[in-house]
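Heads up, the thing below is written out as structure tokens.
The values are calculated or read from the model by the stated rules, or taken from the named source; none is laboratory data. Just so it is clear, the structure is predicted and the values come from calculations on it, not from any experiment. Glycine also receives a Cβ, built like all others from the backbone with ideal geometry; neighbour counts cover every protein chain displayed.
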Amino acid sequence: MAAKDISTRTARHVAIIMDGNGRWATSRGWPRLVGHRRGANRVRSIVRAAPGLGIRYLTIYAFSTENWKRSTEEVIGLMSMFARYIRNEAEKLHAAGVRVRFIGSRERLEPHLQHLMAGIEEKTRDCDRLTLTIAINYGGRDEIARAARRLAEDVAAGRLAADQADEAALAARLDTVGLPDPDLIIRTSGETRTSNFLLWQSAYAEYEFTPTLWPDFTPEELAAILHRFSSRERRYGGVVAR
């Protein structure tokens, strides 16, 4: 059986687990939030570089459902940082042709932050140079559970027949509906866990783990990783005719 898209060598959708901000700061004797601020600056440079590297979709893991376990000071600081990023970057992202989307459950977030998120999504919804998806209060298991609940509700209400509750029906209820699955997932900081990120969508993603802490992750390193990706053979469970 021929494999799907074996000849595709470009990572159109890259997802990044941005790890190491806190360690970057504490190794220098600075508060963890300083590392998060440096990490936000790194996001800017990677977003600017992405289209030139052939990336059409960039998804970043900003705050997980498990990150609420961190100190109150750090959580409040992160939420403030997210709001500041949206306010400061909205015009620039729109001018650069970047569409912004958010995935994750919004209910636990402050109403002011939810309002800013909805505003930048609306402002940039027609941009098509790059789609930047930001995962906030996101967890792969939580996403699948929420999608399954919606699927069950639709079946119970008669909006969907039970025999139509298939993979496509579940995928259509995920936060990432309308996005292609990631081709490549990168995790910085030397950790080799997936940390509950895009569990459904990553079924056939390629992974790259780099020891570089996120604040030190450069567009040049991203380009090198993409070059390595281009030599990988993606068979999607099939075989390659030789």
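Which of the residues spanning the stretch 4-55 are modelled with pLDDT under 95 and touching a helix residue (DSSP H, G or I) at 6+ places or on another chain (Cβ under 9 Å)? Break it down stepwise before answering.
We begin by selecting, within the stretch 4-55, every residue modelled with pLDDT under 95; these are 4-10.
Matches in the stretch 4-55: ARG9, THR10.
Quick one: would you say LEU222 is in a loop (DSSP other than H, G, I, E, B), within 24 Å of GLY54 (Cα to Cα), in contact with a helix residue (DSSP H, G or I) (Cβ under 7 Å, 6 or more places away or on another chain) and touching a residue at least 60 places away in the same chain (Cβ under 8 Å)? Walk me through it before giving the result.
Details: in a loop (DSSP other than H, G, I, E, B): no; within 24 Å of GLY54 (Cα to Cα): yes; in contact with a helix residue (DSSP H, G or I) (Cβ under 7 Å, 6 or more places away or on another chain): yes; touching a residue at least 60 places away in the same chain (Cβ under 8 Å): yes.
So LEU222 does not fit the description; no.
Of ARG70, ARG12, which residue is in contact (Cβ under 8 Å) with a residue 24 or more places away in the chain and charged (D, E, K, R)?
Numbers: ARG70 fails: in contact (Cβ under 8 Å) with a residue 24 or more places away in the chain.
Of the residues listed, the single one that is in contact (Cβ under 8 Å) with a residue 24 or more places away in the chain and charged (D, E, K, R) is ARG12.
Of all residues in the stretch 22-39, which are of a type in the set (A, V, I, L, M) and surrounded by fewer than 20 Cβ atoms within 10 Å (Cβ to Cβ)?
Residues of the stretch 22-39 that are of a type in the set (A, V, I, L, M), as a first pass: 25, 33-34.
Answer for the stretch 22-39, where residues must be of a type in the set (A, V, I, L, M) and surrounded by fewer than 20 Cβ atoms within 10 Å (Cβ to Cβ): LEU33, VAL34.
From the residues in the stretch 63-82 that are outside any helix (DSSP H, G or I) and either among the small types (Gly, Ala, Ser) or over 17 Å from the mean Cα position of the chain (by Cα) (or both), which one is farthest from ASP19 (Cα to Cα)? Reasoning before the result, please.
Taking the stretch 63-82 first, the residues outside any helix (DSSP H, G or I) are 63-66, 70-71.
Subsequent filtering for residues that are either among the small types (Gly, Ala, Ser) or over 17 Å from the mean Cα position of the chain (by Cα) (or both) retains 64, 70-71.
On the way: SER64: 12, ARG70: 14, SER71: 17 Å.
Per the criteria, the residue is SER71.
Considering the stretch 208-219 alone, what residues qualify as being surrounded by 15 or more Cβ atoms within 10 Å (Cβ to Cβ) and outside any helix (DSSP H, G or I)?
GLU208, PHE209, THR210, THR212, LEU213, PHE217
Do we find a residue being surrounded by fewer than 16 Cβ atoms within 10 Å (Cβ to Cβ) and touching a strand residue (DSSP E or B) at 6+ places or on another chain (Cβ under 6 Å) anywhere in the stretch 145-152?
Among the residues of the stretch 145-152, not one is surrounded by fewer than 16 Cβ atoms within 10 Å (Cβ to Cβ) and touching a strand residue (DSSP E or B) at 6+ places or on another chain (Cβ under 6 Å), which makes the answer no.
In the stretch 90-119, what residues are crowded, with 20+ Cβ neighbours inside 10 Å and closer than 23 Å to ARG12 by Cα?
If the condition is that a residue be crowded, with 20+ Cβ neighbours inside 10 Å and closer than 23 Å to ARG12 by Cα, then LEU93, VAL98, ARG99, VAL100, ARG101, PHE102, ILE103, GLY104 are the ones that fit.
State the number of residues belonging to the stretch 18-35 that are touching a Ser or Thr at 6+ places or on another chain (Cβ under 8 Å) and assigned to a loop (DSSP other than H, G, I, E, B).
Taking the stretch 18-35 as the starting set, the residues that turn out to be touching a Ser or Thr at 6+ places or on another chain (Cβ under 8 Å) are 18-20, 23, 32, 35.
Checking the rest, the ones that are also assigned to a loop (DSSP other than H, G, I, E, B) come to 18-20.
Residues that pass the stated criteria total 3.
Let me confirm something: among THR133, THR194, which residue is closer than 24 Å to GLU66 by Cβ and surrounded by 20 or more Cβ atoms within 10 Å (Cβ to Cβ)? Lay out the reasoning, then the answer.
Numbers: THR194 fails: surrounded by 20 or more Cβ atoms within 10 Å (Cβ to Cβ).
Exactly one of THR133, THR194 is closer than 24 Å to GLU66 by Cβ and surrounded by 20 or more Cβ atoms within 10 Å (Cβ to Cβ), namely THR133.
For the stretch 9-46, which residues satisfy the criterion of being touching a strand residue (DSSP E or B) at 6+ places or on another chain (Cβ under 6 Å) and β-branched (Val, Ile, Thr)?
Once the filter is applied, which keeps residues that are touching a strand residue (DSSP E or B) at 6+ places or on another chain (Cβ under 6 Å) and β-branched (Val, Ile, Thr), the stretch 9-46 yields VAL14, ILE16, ILE17.
Scan the stretch 105-135 residue by residue and report those that are in contact (Cβ under 8 Å) with a residue 60 or more places away in the chain, among the hydrophobic types (A, V, I, L, M, F, W, C) and over 17 Å from LEU78 (Cα atoms). So that I can check it myself, show each step before the final result.
To start, the set of residues in the stretch 105-135 that are in contact (Cβ under 8 Å) with a residue 60 or more places away in the chain comprises 129-135.
Those still in the list that are among the hydrophobic types (A, V, I, L, M, F, W, C) too: 130, 132, 134-135.
Result: LEU130, LEU132.
Looking only at the stretch 158-179, decide whether some residue is under 24 Å from ARG56 (Cβ atoms), crowded, with 16+ Cβ neighbours inside 10 Å and either at pLDDT below 95 or hydrophobic (A, V, I, L, M, F, W, C) (or both).
Checked the stretch 158-179: at least one residue is under 24 Å from ARG56 (Cβ atoms), crowded, with 16+ Cβ neighbours inside 10 Å and either at pLDDT below 95 or hydrophobic (A, V, I, L, M, F, W, C) (or both).
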